[in-house]
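Visitor: I have a structure here, written as structure tokens, and I will follow up with some questions on it.
The values are calculated or read from the model by the stated rules, or taken from the named source; none is laboratory data. Please read these numbers as outputs of a predicted model, since none were measured by experiment. Because the Cβ atoms are built from the backbone with ideal geometry, glycine has one as well, and the counts that use them run over all protein chains shown.
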Amino acid sequence: MIADIDIWCAANHLIREYAEEAEIKAAQKADLMLDRGDLDGRRVFVRRFLVRLDQMVLRGYVERIGGGNGVRWRLASHQL
């Protein structure tokens, strides 16, 4: 099981490192898990990663850009 703090750190890192492309990078990480046959790890990572992104939005760390299928993420302006 991936520790909660590890998911939080991964989400934060992906947002800081890749900004609007963070969701794509998270999907690539999930695909690597799938390639290794780690189906449970992939499922847990994706679900918990998205929960963390939502929490980061609620806490004002991250802003959503766009809507629908075009949602992207970036650090809130006061976090830059």
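Visitor: Does ILE65 satisfy being under 10 Å from the mean Cα position of the chain (by Cα) and in contact (Cβ under 8 Å) with a residue 24 or more places away in the chain? Spell out how you get there, then give the answer.
Guide: On the way: under 10 Å from the mean Cα position of the chain (by Cα): no; in contact (Cβ under 8 Å) with a residue 24 or more places away in the chain: yes.
Here the answer is no, as ILE65 does not meet what is asked.
Visitor: Something else: Exactly one of these conditions fails for ALA11: (1) touching a helix residue (DSSP H, G or I) at 6+ places or on another chain (Cβ under 6 Å); (2) of a type in the set (Gly, Ala, Ser); (3) at pLDDT 80 or above. Give me its number.
Guide: It is condition (3) that ALA11 fails.
Visitor: Take the residues in the range 25-58 that are surrounded by 14 or more Cβ atoms within 10 Å (Cβ to Cβ) and of a type in the set (D, E, K, R), then tell me which one is modelled with the highest pLDDT.
Guide: Step by step, filter the range 25-58, then rank; the result is ASP38.
Visitor: Being touching a strand residue (DSSP E or B) at 6+ places or on another chain (Cβ under 6 Å), at pLDDT below 80, in a helix (DSSP H, G or I) and of a type in the set (A, V, I, L, M, F, W, C) is the requirement here; does ALA22 meet it?
Guide: Taking the combined requirement at face value, the residue satisfies it.
Visitor: Give just the number: which of (1) assigned to a loop (DSSP other than H, G, I, E, B); (2) touching a Phe, Trp or Tyr at 6+ places or on another chain (Cβ under 9 Å) does GLY37 not satisfy?
Guide: Condition (2) is where GLY37 drops out.
Visitor: Here's a follow-up. Whether any residue in the range 69-78 is on the phi > 0 side of the Ramachandran plot and modelled with pLDDT under 75 is what I want to check.
Guide: no
Visitor: Another question about this same structure. Quick check on GLU63: is it in a helix (DSSP H, G or I) and either among the aromatic types (Phe, Trp, Tyr) or modelled with pLDDT under 80 (or both)?
Guide: no
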